[in-house]
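The structure that follows is given in the form of structure tokens.
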Amino acid sequence: MRYILFLPVTVMIFLITSCSTKQSPSIVDLSKPWKFKAGDDLSWAAPGFADAAWDSILPGKNWEDQGFDKLDGFAWYRIKFYIPSTLKGTSYLKDSLQILLGKIDDCDEVFLNGEMIGENGKTIFQKKEPDEEFIKARGTWYTDRKYILPTLDPRIHWDRENILAVRVYDKNGPGGMFASPYLISMLDVPDYISFGIKGEAFSFEGDSVMKKKFTIQNTSAKNDFTGILTIKAILYENGITIYERRSKVTLLKNDTVRDSVMIHMDLSKPAVLLFSFDEKNSGKTISEQISSAYILTPKTGELPRINGPKVFGIRPWSPFLFKIAATGKPPLKYNAINLPKGLVIDTNSGIITGSLGKKEEYAVTLKVENTQGCAIRDLKIIVGNAISLTPPMGWNSWNCWGLSVSDKKVRQSAESMISSGLANHGWTYINIDDGWEDKHDKDGKILTNWKFPNMRGLSDYVHSLGLKIGIYSSPGPRTCGGYEGSYTFEEKDAQAYAGWGIDYLKYDWCSYGNICPNPNTADQFQHPYQIMKRAIRRVNRDIHYSLCQYGMGDVWTWGKDVDGNSWRTTGDIDDTWESMSGIGFSQGPCSPYAAPGRWNDPDMLVVGYVGWGPSLHYTRLTPDEQYTHLSLWCLLAAPLLIGCDLDQLDPFTMNLLTNDEVLDVNQDPLGKQATRIKFNPDYEIWAKEMEDGSRVIGVFNLTEKPQNILVNLKDLGLSGAFEMRDLWRQKDLGPVSLSFEKHVLPHGVALLNLAQRNGGIAK
């Protein structure tokens, strides 16, 4: 049994889990180095094949992360190991063996002693050019690879050497085996019983009741299990148990028990919920835990507050659309003092429209009133060559709807952006990702498919709400989803986008890899983006140009040269700590290249209900990991594109996305990206310069236990006295000098603003 240790101040919480440590005799450890070779030959699956000259590689990280060249194509892994027959005696159930091989990017076939035992995306390997079938198999790459064999299976060589060979196919981005675990063990009671505690959001009743639905499932087709279910809630800050329940549960074959807990507690205090099932006959204990959702952002007040960007860029004669984002007790009355000629404001909605023809800067004073008072804030309008002077904030369809996106879902998302109040905090874009395209007609005009009967009508509707709309394409002949791309139709497509009223284009490399399979020069990387750049600039419309090619060729160094407004710096994100943190904390090299209108893009936000298709689940990120996610993306001055279903916004996600002081870090007009100040295996410290001279500091805990983290001001380039403010809690913490210490929860963050007092100096 493995024990996870938590240290909430003075009390230690020990949790028994169903996993085993590497030291346990009940497993065969496969996490040690394997043999690796790029290329493809089915003879490499044979047990007797001589692989001694192959490279060594660890299975838990993609091959690029271990210094191997980027590879689109085939590669093989091999490992030799011994399976002792004594393994059978370590389990209560003795009929099956399981082989766990982490995850794969993108598809694979697995061979044990020369015989295939499993596969992910099998049709890939039956095609000479697997791109089309690869598209259909996307999504297999994040599947947990678990292969179960009867103990009498002749493919298992008990008490002698065995060989595992894994044939991998990768297309775009990182490739190979990643994540964990890598082991062989007997299939036992804990492998059949599981808790479902992460598929749905926490819910709240009033200000003091938290509710959580959960399931406990038996997947065995042969065995019933009976035992005691125990549920506890324990506060992180002092280890006090605030809730405990014990009950007898019988799990029939292939049975799922559904239940919920209701806990009276302070919703601003983090807690851990512990679920355990003590099975009577085997004596086995199955345990799982989840951190509770806790609310940091204070409730919006009744007084008006103006949010969103403080600077707005537009090109001469382009259509102007800007919605004043403001909160306060409705109804609100909007005004814009010194609004330049050519622009008008709707005082009931706060939507400013029109156009401006002269290159000039305008200082406008925004004013929002209600019965409680008045808010005033400056807005600088810059008419020139630059747009997107602050990172775009909005929503993208891919992470929830994937290729099932439709006109109806986009309209509903736009309506939810307004009705939920997100638009009042600066969330603006409604972006359609892949799945809207049909084909080009005889005149070269791109047509929409049956799911989007009237793109211009949809665009007009989104604009009527004061929001902007985006679209998706590829410089190749096909998109990642297999739909029509823009290759050789760039001019016509840009004209179509402008005619529809599109404000944002995500331009995804995808099948352009077939046109230019091995780009290795700056010209090759830039060429397709230069073509669309010229096409976009010829239309009379400002279209945010988002380059999506996963960071190839260090795109951050040349994205501005093709007039990109933002550029993806990594492969696709998913809703795991490994993915989010791996992407977010690797952005340091990109930092010098961020500037107003030129943003590094580490991909979309994976909060709320996501799923990449019709079936959605609540994000697998813990609440603290979500606080880290948004804090880090704001420090990075990254585009903020929500990826969840906006019709299912739970209270925690809504609270997470509406903290205006945190969002102001992202929208700061100076446009600086944070840099990493301190790196430690257990924590990182990042700092971002702000327009007002202050510094925003992110103190990140990378471990699975709470810890106190010391921050020295000299490491931040600061000396003297500063006022410190907690941005998530919107609370002043008083003066600091020399250093300060913060208590940070597992995978959590402290996001702080340090403002100069008399004598404070920022170098």
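Per-residue answers, yes or no, for (1) surrounded by fewer than 24 Cβ atoms within 10 Å (Cβ to Cβ); (2) under 24 Å from F214 (Cβ atoms):
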| site | (1), (2) |
| --- | --- |
| D563 | yes, no |
| T576 | yes, yes |
| S586 | yes, no |
| P589 | yes, no |
| D603 | no, no |
| G608 | no, yes |
| H617 | yes, yes |
| L641 | no, no |
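Test W599 against the criterion of being touching a Ser or Thr at 6+ places or on another chain (Cβ under 8 Å), outside any loop (DSSP other than H, G, I, E, B), touching a residue at least 12 places away in the same chain (Cβ under 8 Å) and open to solvent by 20 Å² or more (accessible area, probe 1.4 Å), and give yes or no.
No: the conditions fail for W599.
Pairs needed: first member in region 443-472, open to solvent by 10 Å² or more (accessible area, probe 1.4 Å); second member anywhere, not hydroxyl-bearing (S, T, Y) and not in a helix (DSSP H, G or I); C-beta distance under 6 Å; at least 6 residues apart or different chains.
Matching pairs, first to second residue: L447/D438; L447/K439; L447/D441; T448/W436; T448/D438; N449/D438; K468/D503.
Can you name the condition, by its number, that L403 falls short on among (1) in contact with a Phe, Trp or Tyr (Cβ under 9 Å, 6 or more places away or on another chain); (2) modelled with pLDDT of 95 or more; (3) surrounded by fewer than 23 Cβ atoms within 10 Å (Cβ to Cβ)?
Condition (2) is where L403 drops out.
How many of the residues making up region 87-127 are at pLDDT below 95, in contact with a strand residue (DSSP E or B) (Cβ under 8 Å, 6 or more places away or on another chain) and part of a loop (DSSP other than H, G, I, E, B)?
Of the residues in that region, 6 qualify.
Given the conditions (1) outside any loop (DSSP other than H, G, I, E, B); (2) farther than 25 Å from G421 by Cβ; (3) open to solvent by less than 20 Å² (accessible area, probe 1.4 Å), report the number of the one that A326 does not fulfil.
Single failed check for A326: (2).
Residues of region 335-350 being open to solvent by 20 Å² or more (accessible area, probe 1.4 Å) and either under 23 Å from S464 (Cα atoms) or among the acidic types (D, E) (or both), which ones?
Across region 335-350, the qualifying residues are N335, I337, L339, K341, G342, V344, I345, D346, T347, N348, S349.
Starting from residues that are open to solvent by 30 Å² or more (accessible area, probe 1.4 Å) and within 32 Å of the chain's Cα centre (by Cα), keep the ones in region 141-158 and report whichever is modelled with the lowest pLDDT.
Among those that are open to solvent by 30 Å² or more (accessible area, probe 1.4 Å) and within 32 Å of the chain's Cα centre (by Cα), it is W141.
OK, next. Name the pairs whose Cβ atoms lie under 8 Å apart, with the first residue in region 512-539 and touching a residue at least 60 places away in the same chain (Cβ under 8 Å), the second small (G, A, S) and open to solvent by less than 20 Å² (accessible area, probe 1.4 Å), and 6 or more positions between them or separate chains?
Between residues of region 512-539 that are touching a residue at least 60 places away in the same chain (Cβ under 8 Å) and residues that are small (G, A, S) and open to solvent by less than 20 Å² (accessible area, probe 1.4 Å), the close pairs are G513/G476; N514/G476.
A quick yes/no check of all residues on (1) under 25 Å from I193 (Cβ atoms); (2) assigned to a strand (DSSP E or B):
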site	(1), (2)
K222	yes, no
A233	yes, yes
N238	no, no
Y243	yes, yes
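Looking at the structure I just gave you, is T479 farther than 22 Å from S349 by Cα, open to solvent by less than 10 Å² (accessible area, probe 1.4 Å) and either at pLDDT 95 or above or in contact with a strand residue (DSSP E or B) (Cβ under 9 Å, 6 or more places away or on another chain) (or both)?
yes
Still on this structure, I have one more. Search region 170-193 for residues that are surrounded by 21 or more Cβ atoms within 10 Å (Cβ to Cβ) and pair each with any residue that is among the basic types (K, R) and assigned to a strand (DSSP E or B) when their beta-carbon atoms are under 8 Å apart and the residues are at least 6 apart or on different chains.
M177/K103; F178/K103
Take region 263-289 and flag every residue that is more than 18 Å from V189 (Cα to Cα), open to solvent by 20 Å² or more (accessible area, probe 1.4 Å) and within 29 Å of the chain's Cα centre (by Cα).
D266, S268, K269, P270, L274, Q289
The values are calculated or read from the model by the stated rules, or taken from the named source; none is laboratory data. Here the structure is a predicted model, which means the values were calculated and not measured. Heads up, the Cβs are rebuilt from the backbone with ideal geometry, glycines too, and the neighbour counts pull from every protein chain shown. What goes into the accessible areas is simple: the full protein's heavy atoms, side chains included, and nothing from ligands, DNA or RNA. Shrake-Rupley method; radii C 1.70, N 1.55, O 1.52, S 1.80 Å.
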